[in-house]
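This report refers to the structure that appears directly beneath it.
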Amino acid sequence: MNSMPAEMSNHSLIDYLIMSSDPYQHFQIAHNTDGTLTRYMRLPKTKANPVASPGDPVLSKDLTLNAQNKTRVRVYIPTPKLSSNDGIRIPIIIFYPSSAWVLLNWDTTLVHLQSSKLAYQVPAIVVSVEYRVAPENRLPAQYHDAVDAILWVREQALDPNGEQWIRDYGDISRCYLHGSANGGNMVFFAALEATGMELEPLRIAGNIMNQPMFGGMQRTNSELQNYGDVMLPLCAQDLAWKLSLPEGEDRDHWYCNPMVEGPHTGAISKLGRCLVIESRGDPLIDRQQEFATMLIRHEVQTEVQFDPLGCHAIEIIDLEWANALVERIKRFIVEAENKS
């Protein structure tokens with residue numbers, strides 16, 4: 001690291017620390033001359049388990065979402081549901097795992113455990129979506145993949161030869177979109193797109209955004225105070241947006257900063273019930289609070305749940321918080337269905 005200049009303003013110091021940090025090292029990636037990334041991070045992976053073994057609480061299977069885009073879904077179902085003859089259908093949660101736009105983690109053990117817990121404890125069918133990553137595929141490719149997943153669920157439910165778990169056990173009138181970090185960003189934009197589509201009998205009953213990832217050119221207080229966040233330091237945020245936004249766009253593009261006016265603004269008031277989960281230690285909390293305020297201003301039924309501790313994507317490193325997140329989602333779904 002270069003020596004620090006002797007005199008600096010507070011904001012200049014933050015800018016210096018951002019430039020002095022290495023976001024490529026944080027993400028364990030290298031930028032290739034052809035514009036692609038080499039990804040060195042090797043997180044533990046778990047294969048799907050479509051056939052029950054004694055004691056398995058949840059089964060899962062991998063299926064093709066879009067062959068051309070090389071995307072897949074992993075579908076989870078509580079094992080007791082397969083042996084139940086009660087005829088009661090369960091909700092469907094379409095889950096967009098976090099990736100900071102650039103990482104490959106759809107089939108990691110972490111995402112597998114998150115999805116399995118959701119499926120068993122809600123209970124619900126969970127459709128975890130593998131979407132394309134940047135910079136090989138820049139936004140809005142990820143939003144297209146998110147909508148593909150919604151349409152795929154609808155198709156499976158209505159096709160006599162569709163995926164059996166969704167067709168026979170899922171209730172497509174009770175679909176929920178759920179995402180963490182950039183996955184929460186995807187929930188917002190997929191839900192906006194869905195407001196203009198003919199999806200019946202599928203209905204999006206709620207949108208769950210856990211610490212959604214938004215940004216902007218003007219630094220917020222929480223970004224300046226938490227610039228060294230262990231999961232998403234400010235330098236890594238900047239790089240993630242640089243690699244994912246359309247070429248030539250800055251962080252005030254509406255994909256990153258939906259609080260600015262854009263082609264999406266007119267559809268916000270059409271959104272269904274939303275849950276926004278925030279954590280005080282998240283450098284993005286100011287953005288998230290501004291986002292929730294925007295939803296309320298557009299008269300979207302919005303529930304905000306605030307945690308006084310934590311960091312960005314805290315569920316990855318704190319098991320207690322991860323379990324609490326599942327309970328929050330379960331409660332949101334139960335309350336939504338009691339009010340419907």
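The values are calculated or read from the model by the stated rules, or taken from the named source; none is laboratory data. The shown structure was predicted, so the numbers you read here are calculated from the model rather than taken from an experiment. Every residue, glycine as well, gets a Cβ built from its backbone with ideal geometry; the counts of neighbours run over all protein chains shown. Heavy atoms of the whole protein, side chains included, go into the accessibility calculation; ligands, DNA and RNA do not. Shrake-Rupley method; radii C 1.70, N 1.55, O 1.52, S 1.80 Å.
Structure notes:
For (1) farther than 17 Å from E315 by Cα; (2) out of contact with any Gly (no Cβ under 7 Å at 6 or more places or on another chain); (3) polar (S, T, N, Q), each residue gets a yes or a no:
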{"position": "R74", "(1), (2), (3)": "yes, yes, no"}
{"position": "N85", "(1), (2), (3)": "yes, yes, yes"}
{"position": "S98", "(1), (2), (3)": "no, no, yes"}
{"position": "W101", "(1), (2), (3)": "yes, yes, no"}
{"position": "L104", "(1), (2), (3)": "yes, yes, no"}
{"position": "K117", "(1), (2), (3)": "no, yes, no"}
{"position": "A124", "(1), (2), (3)": "yes, yes, no"}
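- Scanning segment 228-250 for residues that are of a type in the set (D, E) and either closer than 19 Å to H312 by Cα or touching a His at 6+ places or on another chain (Cβ under 8 Å) (or both) turns up D229, D238.
- Residue in segment 33-56 that is surrounded by the fewest Cβ atoms within 10 Å (Cβ to Cβ), counting only those that are touching a Ser or Thr at 6+ places or on another chain (Cβ under 6 Å) and within 27 Å of D238 (Cα to Cα): P44
- Residue list for segment 190-204, restricted to those being within 22 Å of R328 (Cα to Cα) and open to solvent by 10 Å² or more (accessible area, probe 1.4 Å): R203, I204
- Residue match in segment 251-262 (condition: open to solvent by less than 20 Å² (accessible area, probe 1.4 Å), more than 24 Å from E315 (Cβ to Cβ), touching a residue at least 12 places away in the same chain (Cβ under 8 Å) and out of contact with any strand residue (DSSP E or B) (no Cβ under 7 Å at 6 or more places or on another chain)): yes
- Segment 243-282, residues that are assigned to a helix (DSSP H, G or I), polar (S, T, N, Q) and under 26 Å from A336 (Cα atoms): T265, S269
- Taken over segment 311-340, residues that are open to solvent by 70 Å² or more (accessible area, probe 1.4 Å), in a helix (DSSP H, G or I) and not basic (K, R) amount to 4.
- Taking segment 225-238 as the range and being closer than 17 Å to P23 by Cβ and open to solvent by 20 Å² or more (accessible area, probe 1.4 Å) as the test, the residues that pass are N226, Y227, G228, V230, M231, D238.
- For first residues located in segment 283-302 and part of a loop (DSSP other than H, G, I, E, B), partners that are among the basic types (K, R) and lie 6+ apart or on another chain with Cβ distances below 6 Å form the pairs Q301/R273.
Rundown of residues vs (1) modelled with pLDDT of 95 or more; (2) surrounded by fewer than 17 Cβ atoms within 10 Å (Cβ to Cβ); (3) touching a Lys or Arg at 6+ places or on another chain (Cβ under 9 Å), yes/no style:
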{"position": "V58", "(1), (2), (3)": "yes, no, yes"}
{"position": "N85", "(1), (2), (3)": "no, yes, no"}
{"position": "A100", "(1), (2), (3)": "yes, no, no"}
{"position": "A124", "(1), (2), (3)": "yes, no, yes"}
{"position": "V127", "(1), (2), (3)": "yes, no, yes"}
{"position": "I150", "(1), (2), (3)": "yes, no, no"}
{"position": "Q156", "(1), (2), (3)": "yes, no, yes"}
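Each row is one residue, and each column tells you yes or no for (1) at pLDDT below 95; (2) basic (K, R); (3) out of contact with any Phe, Trp or Tyr (no Cβ under 8 Å at 6 or more places or on another chain).
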site: G266; (1), (2), (3): no, no, yes
site: S269; (1), (2), (3): no, no, yes
site: G272; (1), (2), (3): no, no, yes
site: L275; (1), (2), (3): no, no, no
site: E278; (1), (2), (3): yes, no, no
site: A292; (1), (2), (3): no, no, yes
site: R297; (1), (2), (3): no, yes, yes
site: Q301; (1), (2), (3): no, no, yes
site: Q305; (1), (2), (3): yes, no, yes
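- Residues that are in contact with a Phe, Trp or Tyr (Cβ under 8 Å, 6 or more places away or on another chain) and of a type outside the set (A, V, I, L, M), drawn from segment 115-139: S115, S116, S128, E130, Y131
- Comparison of M186, M213 shows that the only residue that is open to solvent by less than 10 Å² (accessible area, probe 1.4 Å) and over 13 Å from L284 (Cα atoms) is M186.
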